[in-house]
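Everything below concerns the one structure shown next.
Taken together, the values in this text are just the output of simple stated rules run on the coordinates, not laboratory data. The shown structure was predicted, so the numbers you read here are calculated from the model rather than taken from an experiment. Ideal geometry is used to build each Cβ from the backbone, glycine not excepted, and the neighbour counts take in all protein chains shown.
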Amino acid sequence: MTETQHPQRLAFIGFGEAARAFLAGWADRRPAAVTAYDRKTDAGDTAAAMRAAYADHAVDGAATAAQAVAQADTVFCTVTADQARVAAEEAALNLAPGTLWFDCNSCAPGTKTQAAAIIEGAGGRYVDVAVMSPVHPRRHHAPLLVSGPWAETGAARLQTLDMRPRVVGPEVGQASSIKMLRSVMIKGLEALTAECFLAARRAGVSDQVIASLEASDPEIAWRARGAYNLERMLVHGARRAAEMREVALTVEALGLSPGLSRATAAWQESLAGLAGAGDDPDLDTLLDRVLARL
């Protein structure tokens with residue numbers, strides 16, 4: 001493959017929120033050819049919506065991950081954490097030598113290392129990427145940490161797409177370690193606020209609990225934070241649960257108890273099926289809708 005700095009043929013493995021946000025943000029920096037594969041095209045209840053998403057974003061939908069990457073010089077892997085290794089295995093069957101593989105999934109360092117071995121074994125160049133904020137509203141300007149032996153090369157490629165990478169080390173797993181351990185706090189706080197506010201609402205003391213929290217930590221707008229955290233869990237709970245299971249693996253590999261991370265994963269997953277409750281921004285109404293479904 002001829003080396004080019006700006007990608008000419010780019011593929012997405014996984015075409016959900018992150019992939020669509022990046023693509024929309026690139027605008028005139030968009031590569032000449034973009035393909036995508038998402039396993040939701042394999043399921044009868046989601047296939048039509050995913051094909052419509054391909055059409056809406058003017059990408060060529062592929063039947064398999066291997067087909068999507070066949071001509072690509074750059075691949076963004078943006079699947080759920082539990083599918084990162086599977087995606088690498090499927091794509092590796094047809095990966096062109098020298099292809100840059102940006103693993104943007106929220107995975108444990110060990111999982112990233114396994115995926116890297118698969119991609120490198122197929123002749124690709126693997127880059128560990130940690131996306132350090134929600135992709136909306138920043139889209140392609142969401143801050144990225146990158147690591148691995150191809151981190152500098154990968155960062156240069158990302159910059160041609162007007163992205164915001166920062167190299168944090170030469171080893172696969174360094175970027176993901178930062179992301180995973182940060183998530184102990186961020187996703188854990190989401191779970192804590194949901195449990196606290198739901199219980200307080202059911203007990204009829206939510207106003208008093210929030211007032212007490214605001215008195216203790218006046219810099220935090222607890223009512224707004226609670227509504228935001230709960231909405232994130234309702235809409236993205238399944239994805240967050242998969243990430244927190246990877247967080248638990250990260251903590252366990254460090255010789256520490258991952259009990260809190262595992263509990264966070266279970267709580268995130270238990271609220272994931274209640275996405276319909278997340279339509280109203282008012283915290284009290286949102287809490288009442290969730291409580292009616294639990």
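For the range 46-116 versus the range 250-264, the inter-centroid distance based on Cα atoms is 28 Å. Under the criterion of Cα pairs below 8 Å and six or more residues apart, the relative contact order for the chain equals 14 percent.
Backbone amide hydrogens, once placed in the peptide plane, bring Val167 within less than 5 Å of Val146, excluding anything fewer than 5 places away on its chain.
Along the range 210-217 the Karplus relation, 6.51 cos²θ - 1.76 cosθ + 1.60 evaluated at θ = phi - 60°, assigns HN-Hα couplings of 5, 4, 5, 5, 5, 5, 6, 10 Hz to successive residues, with x for each Gly and Pro.
Annotation: average projected area of the chain is 15.8 square nanometres, based on the convex hull of Cα atoms across all directions. A cut-off of 5 Å between modelled amide H atoms, ignoring neighbours fewer than 5 places along the same chain, links Ala11 with Thr35, Thr74, Val75, Phe76. Remark on Arg125: its backbone amide H falls under 5 Å from those of Gly98, Thr99, Leu100, Trp101, a criterion applied only to residues 5 or more positions apart or on other chains, H modelled at 1.01 Å from N. Using the Cβ of Glu89 as centre and a radius below 15 Å, the other residues enclosed give a net charge of -1, where K and R count +1 and D and E count -1. When the Gaussian network model of the chain links Cα atoms closer than 10 Å, the mean-square fluctuations of Gly204, Gly188, Gly61 top out at Gly204. Residues in the range 246-262 carry Karplus couplings, in order, of 5, 4, 4, 4, 5, 5, 4, 5, 8, x, 10, 6, x, x, 5, 5, 5 Hz; the curve used is 6.51 cos²θ - 1.76 cosθ + 1.60 with θ = phi - 60°, and Gly or Pro positions show x.
Where does the charge balance sit around Thr64 when Lys and Arg score +1, Asp and Glu -1, over other residues with C-beta under 10 Å from its C-beta? Charge balance in the 10 Å sphere: -1. Within the shell of other residues whose beta carbon sits under 15 angstrom from the beta carbon of Ile220, the net charge comes to -2, with Lys and Arg scored +1 and Asp and Glu -1.
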